[in-house]
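The values are calculated or read from the model by the stated rules, or taken from the named source; none is laboratory data. If you're wondering where the values come from, they're calculated on a predicted model, not measured in any experiment. Neighbour counts run over all protein chains shown; Cβ positions are idealised from the backbone, glycine included. Each accessible area value is taken on the protein alone, full model and side chains, heavy atoms only, with ligands, DNA and RNA left out. Shrake-Rupley method; radii C 1.70, N 1.55, O 1.52, S 1.80 Å.
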Amino acid sequence: MTLEIPYHLENYIGGNFIGPLSGQFLEGINPATAEIYYQVPNSNEKDIEIAVNAAQKALPGWSTASTETRFRILNKIADLIDEHLEELALAETNDNGKPLWLSKQVDIRRASDNFRFFATGIMHFASESHSTTGQDAINYTLRQPIGVVGCISPWNLPLYLFTWKIAPALAAGNCVIAKPSEVTPVTSFLLGRICKEAGLPDGVLNIVHGDGQSCGEAIIKHPLIKAISFTGSTRAGERIASIAAPMFKKLSLELGGKNPTIIFADCDWPKMLKEIFRSSFGNQGQICLCGSRILIEKKAYEEFKKYFTEITKKQPVGDPLLDHSKQGAIVSKAHFEKVMNCIELAKQEGGSVVCGGKAVKLEGRCANGYFIEPTIIEGLGPNCKTNQEEIFGPVVTLQPFETEEEALQLANATHYGLAASIWTQDISKANRMAANVQSGIIWINCWLLRDLRTPFGGMKNSGVGREGGWEALKFFTEIKNVCIQY
Ligand code: NAD
């Protein structure tokens, strides 16, 4: 099997590759070159209807298939992703703008890890039983597949996050209607080919492409789709919750963030400086977990600023296909403009640009691409828009603090609560901070160190529910308690 990318991508429904019923397509653009190189279906409720029919037809077979069958097929999908790593990584980079080395080292490997992890997980998934003493009774709890479920993912980690949802949903015995971001659909389209080759029965996974309004909302509104796992912006999450809640759908919402990186003067400086560029600007700052507000103990502020600026200036922004490019393109023209406007706003709010702040003009192939310098801004208080609203690009702010209490106050001073990283060698201080920072994920003296068994997700406006490990398998199953008196 070769993974060719046709000019017109198609939906994968009931095991067939078919165009959108409306005949409507959206343009697919390589953000590093600004070239249109494919068209992606803009599907609507009619396409979702046939996808749900296909899923309903496949459901009895898949939901009762032995755990070993699901384990074997999901592992086969993981093996095929690994086999096609080079093609998938190139497709991801051309679609998203991230450096090719990053697609290879992180995104595509993680997609196969997701399938392997949940294929294995389902083999060990157990439920509880309770012996009710004095009543001669025993209760046991069933965790059954929900039925047809919807998975909707964003553009920043396209195949990585798409598979993070699909793999547990399938492992738990559900049939899936999945929609990747319309901005980066290519690797999800290719995943359809891989699933077919791996022997996943037709209709078990249906990949439908399109924008949020016509395709995404059709998934949310469909009465036979019983649970929704969504990753994306808080704005879209709010809209989705407003539609799904009155229908009593099970919802998992992984939303935006405005994460603090808290640096105390007593931290391990070489280790912190080694991570700080990645935690601030990794994937062009387009990771929901990136620390976009850096809080630094005042006595170390100037020294930190000096080192951080030196490091940042040494990280070349360039053609994502070249090994030495540490930063690639911003995902789209619209997002490029949004980030540039945020930098302008930061200046209007009184911030000063310590380094970066400008678009990068490259020569040759990438002359028209969307590139932005990694940007550090200082001089802004916690309540301005720049420190309150998610930018989701290569832009961070610096804020000094004097005491642990002030650090905590600044860390918690937004409506978001996704992730935080804390840098100190004082273990008591680190644990006190971890207990009180309002975030679903805390890293101490590290960042984005992932163990797929751990609960993943945010509090406050960063979401509802958790993914990862047993949490994901629990989300994708319906609980039923059975009580027997003997
Ligand atoms: P987005 O909300 O615009 O879109 C995400 C997905 O939802 C896309 O597939 C889109 O088509 C779809 N969508 C949009 N509106 C919809 C609607 N009304 N109904 C149904 N579907 C709809 O987000 P984005 O710009 O693609 O991604 C960036 C955002 O994702 C950032 O806010 C980032 O923080 C967040 N994110 C969060 C996590 C996390 O784990 N918490 C991870 C990655 C990204």
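The GluC sites (Glu not before Pro) found in the range 345-393 that occupy coil by DSSP, while having at most 11 further C-beta atoms within 10 Å, are 363.
Rank-order 462-469, 281-288 by packing density, defined as the average count of other C-beta atoms within 10 Å over each peptide's residues, highest first. Write down the numbers at each step before the final one.
On the way: 462-469: 21.2, 281-288: 24.9.
Result, highest mean Cβ count within 10 Å first: 281-288, 462-469.
Each residue of the range 90-103 was assigned a 3J(HN,Hα) from its phi angle through the Karplus expression (A = 6.51, B = -1.76, C = 1.60, θ = phi - 60°), giving 5, 4, 5, 5, 5, 7, 9, x, 6, x, 4, 4, 6, 4 Hz with x at Gly and Pro. Relative to the dominant Cα principal axis of the chain, helix 186-198 is inclined by about 30°.
Could you estimate the translational diffusion coefficient of the range 260-451 from the Stokes-Einstein equation, with Rh from the Kirkwood formula over C-alpha pairs, at 4 °C and 1.567 mPa s, in whole µm²/s? Here the translational diffusion coefficient equals 77 µm²/s. Bridging of residue 299 to lysines at a Cα separation below 23 Å is possible for 271, 274, 429, once same-chain residues fewer than 8 apart are set aside. Between residue 403 and residue 67, the distance separating the two model label sites (each 7 Å from Cα on the Cα→Cβ line) works out to 5.3 nm. When the P(r) of the range 337-420 is calculated, the portion above 14 Å amounts to 66% of the C-alpha pairs.
Considering only alpha-carbon pairs that sit under 8 angstrom and 6 or more positions apart, the relative contact order computed for the chain is 19 percent.
Give the percent of DSSP beta bridges with both residues in the range 260-451 that are antiparallel, rounded to the nearest 5.
Working: 4 of 25 bridges.
DSSP beta bridges in the range 260-451 are roughly 15 percent antiparallel.
For the range 1-75, applying the loop criterion from DSSP together with a ceiling of 14 other beta carbons within 10 Å to the chymotrypsin sites (Phe, Trp or Tyr not before Pro) yields 7.
Using alpha-carbon pairs under 8 Å, 6+ residues apart, how would you state the relative contact order of the range 260-451 in percent? Please report the intermediate quantities before stating the final value.
On the way: 351 pairs, mean separation 54.5, N = 192.
Relative CO of the range 260-451 lands at 28 percent.
Rg and Dmax over the alpha-carbon atoms of the range 14-63 stand at 15.0, 46 Å.
Electrostatic bookkeeping for residue 81 treats Lys and Arg as +1 and Asp and Glu as -1; over the other residues with beta carbon under 13 Å from its beta carbon, the sum is -3. Considering only Cα atoms, the convex hull volume of the chain works out to 152 Å³ per residue.
Working note: 222 nm ellipticity from helices only, DSSP H runs with n ≥ 4, each -39,500 (n - 2.57), summed and divided by the residues of the chain, gives -11500 deg cm²/dmol to the nearest 500.
A straight Cα-to-Cα reach below 16 Å connects residue 179 with the lysines 46, 165, 221, 226, residues fewer than 8 places away in its own chain not being considered.
Amide H to amide H distances under 5 Å link residue 377 with 354, 396, 397, 398, where only residues 5 or more positions off or on other chains count and H is placed in the peptide plane.
Under 5 Å between amide hydrogens, built in the peptide plane, is the criterion, and for residue 146 it picks out 478 among residues at least 5 positions away or on other chains.
With semi-axes defined as the square roots of five times the eigenvalues of the C-alpha gyration tensor, the equivalent ellipsoid of the range 232-337 measures 33, 21, 10 Å, largest first. Output the 0 to 90 degree angle, nearest 10, between the alpha-carbon long axis of helix 108-124 and the longest principal axis computed from the alpha carbons of the chain. Between the helix axis and the principal axis of the chain, the angle is about 50 degrees. Axis of helix 234-244 versus longest Cα principal axis of the chain: the two differ by about 20°, to the nearest ten degrees. Once the 1.4 Å probe is applied to the protein heavy atoms, the range 260-451 comes out at 42 Å² accessible per residue. Taking a quarter of the surface of the Cα convex hull of the range 125-189, what do you get in nm²? Averaged projected hull area, Cα only: 5.7 nm². Would you tally the net charge around residue 229, using a Cβ to Cβ cut-off of less than 15 Å, leaving residue 229 out, and scoring K and R as +1, D and E as -1? Once all neighbours under 15 Å are counted, the net charge is +3.
Between amide H atoms placed 1.01 Å from N, distances below 5 Å from residue 444 occur with 422, all of them 5 or more places distant or on a separate chain. Residue-wise HN-Hα couplings along the range 410-415, as the Karplus relation 6.51 cos²θ - 1.76 cosθ + 1.60 with θ = phi - 60° gives them from phi, are 5, 4, 8, 8, 9, 7 Hz; Gly and Pro carry x.
Per-residue Karplus couplings for the range 145-161, computed as 6.51 cos²θ - 1.76 cosθ + 1.60 with θ equal to phi - 60°, are listed in order as x, 6, x, 9, 10, x, 10, 10, 10, x, 9, 6, 10, x, 6, 4, 7 Hz, Gly and Pro entered as x.
When the P(r) of the range 383-486 is calculated, the portion above 15 Å amounts to 72% of the C-alpha pairs.
All other residues whose Cβ lies under 13 angstrom from that of residue 22 are scored, Lys and Arg at +1 and Asp and Glu at -1, for a net of -3. Among the trypsin sites (Lys or Arg not before Pro) in the range 274-321, those placed in a DSSP loop whose Cβ has at most 11 other Cβ atoms within 10 Å are 314.
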